[in-house]
1. To the nearest 20 debye, what charge dipole does the chain have about its Cα centre, counting +1 at the Cβ of each Lys and Arg and -1 at the Cβ of each Asp and Glu?
2. Note down the net charge around Leu44, summing +1 for each Lys or Arg and -1 for each Asp or Glu among other residues with Cβ under 9 Å from its Cβ.
3. Quick one: helix 6-21 against the long Cα principal axis of the chain, what's the angle to the nearest 10°, folded into 0 to 90?
4. Please state, as a whole number in µm²/s, the translational diffusion coefficient that the Stokes-Einstein equation yields for the chain at 20 °C and 1.002 mPa s, with Rh defined as the Kirkwood radius across alpha carbon pairs.
5. For n ≥ 4 DSSP H runs only, could you compute -39500 (n - 2.57) per run for the chain, divide by its residues and tell me the 222 nm figure to the nearest 500?
6. Within the chain, which GluC sites (Glu not before Pro) sit in a loop by DSSP and count at most 14 neighbouring Cβ atoms inside 10 Å?
Amino acid sequence: MSLITRFERARLISARALQLALGAPPLVKPDKESKPYDLAKVELEQGVLPMVVLRRLPNGRMEEISV
């Protein structure tokens, strides 16, 4: 499995935090005062995000990484 870069990680967390802020149900049990960013970070760390990173390689191929 390929590792995601810090930029891909930031993009995944920000996209998921936006979804949570707009009312999407959390995939982990939230604390009383959990903020969308913190929930998104925990979801990524636990590997429950149903998202895929598409990475374009220099030779033109696309690499798909499930997170």
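1. Details: 11 positive and 8 negative charges, 40 e Å.
Dipole magnitude for the chain comes out near 200 debye.
2. Values: positive: Arg9, Arg16, Lys41; negative: Glu43, Glu45.
Computed value for this residue: +1.
3. Approximately 40 degrees, to the nearest 10.
4. On the way: Rh = 12.8 Å.
Estimated diffusion coefficient is 168 µm²/s.
5. On the way: 2 runs with 27 residues, N = 67.
One gets -13000 deg cm²/dmol as the mean residue ellipticity at 222 nm.
6. Working: sites: Glu8, Glu33, Glu43, Glu45, Glu63, Glu64; in loops: Glu33.
Sites meeting the loop and neighbour criteria: Glu33.
Read-outs: derived from the displayed coordinates by stated rules, not from any lab. Keep in mind that this is a model prediction, so the values were computed, not measured. Quick reminder, even Gly has a Cβ in these numbers, built from the backbone with ideal geometry, and neighbours come from all protein chains shown.
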